[in-house]
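Reviewing the structure listed below.
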Amino acid sequence: MSERTRYRTIVISDVHLGNRHAKVREVTDFLSSVDCDRLILNGDIIDGWQLRKSGDRTWKPEYTELLKIMMKMMENSGTEIIYVMGNHDDFLLNVTPFYFSRISIVRDYVLDCGEHRFYVTHGDIFDNVSTKMKWLAKLGDLGYRILLFINQEYNRYRLWRGKPYYSLSQAIKQKVKNAVSSMSGLEVLVGDVARSHRCDGVICGHIHRPEDRMIGDVRYLNSGDWVESLSCLTEDFDGNWNIMRYNDR
C-alpha cells in the first residue's frame, strides 16, 4: 500500500451536493487518499439552491459518505475544517460565524502561510450578478445546468466518433465569466480586497476554473470545482501551492 500524502492545507470548492452533475464519488475518493492539517471548504459545497427545489430534496447516501470522510479526517488526522460560505450555500448565513471543536463556518478567512497571508473567500463578492442581482444569478444557474445536459449529450456523440472529451459548457461559461469580470473590474477588486485585509494573496472558487496567477502584486489562486474540472489546491509544508486535478494524480 502506497504511503498517504499529507499536506498542510487542501482547498476544495464547488462540489454542489444536490446537483446531479456533481462528482461526489470522485471527491470522496480523493479525500480518502490524503491527509492534511487544514481542509478549507471554500463555498458551494452543498447546493442549497438545488436542494430547495421540488423533486431535488433527496439527500443521497453518497453525500453522507463524503461528510463521514471529512469527519474521519478530523478525528483520525487532527484536521481542522474551515467551511467558507458561498452563494449556493447561503442557507448558512444565519449561523455564521460558527465554531465548534475543529470545525468553523465563516463568511471569509485569513490564512497565514509563513511569510504570506491569503484572503480566502468563495469569490461571489467579486461577481455583481451574484451579490446584487440574485434572481439573475439563479437564472444563470438554470442555464448552466441546461448547458451541462447539452454537454453530456454532445460528448456522447464525440465519444461515438472517437474524439476526446470537450467541455462545451465550461467554454461557454468561461466566456460569460470573462465578460462579467471585465465589466466589474475583477482584477482591480482582487487587489483592493487583498490589501484591505493586509494579504498578499487571494484564494477563491466560484468560477469553476482552477487558476494560479499574479494580478499585479497579488497572487490569485482558484480551486476550480467538482462538477467538471475536478480540481483543488494543495499547500505543502514548505508553503508551495499547486493545482491538483483528480485525473492527474
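The values are calculated or read from the model by the stated rules, or taken from the named source; none is laboratory data. Not measured: the values here are computed from a predicted model. Every residue, glycine among them, receives a Cβ derived from its backbone with ideal geometry; neighbour counts consider all protein chains shown.
Can you work out which of the residues in the stretch 3-27 that are closer than 15 Å to M244 by Cα and assigned to a helix (DSSP H, G or I) is nearest to the chain's Cα centre (by Cα)?
Across the stretch 3-27, the extreme among qualifying residues is V27.
Restricting attention to the stretch 100-122, report how many residues are modelled with pLDDT of 90 or more, over 19 Å from D236 (Cβ atoms) and assigned to a strand (DSSP E or B).
Final tally of qualifying residues: 7.
I'm trying to understand the selection: among the residues of the stretch 195-249, which are part of a loop (DSSP other than H, G, I, E, B), closer than 18 Å to T121 by Cβ and of a type in the set (S, T, N, Q)? Steps first, please.
Of all residues in the stretch 195-249, those part of a loop (DSSP other than H, G, I, E, B) come to 197-200, 205-210, 216-217, 223-230, 236-240, 249.
Within this subset, residues satisfying the condition of being closer than 18 Å to T121 by Cβ are 197-200, 205-210, 216, 223-225.
If the condition is that a residue be part of a loop (DSSP other than H, G, I, E, B), closer than 18 Å to T121 by Cβ and of a type in the set (S, T, N, Q), then S223 is the only one that fits.
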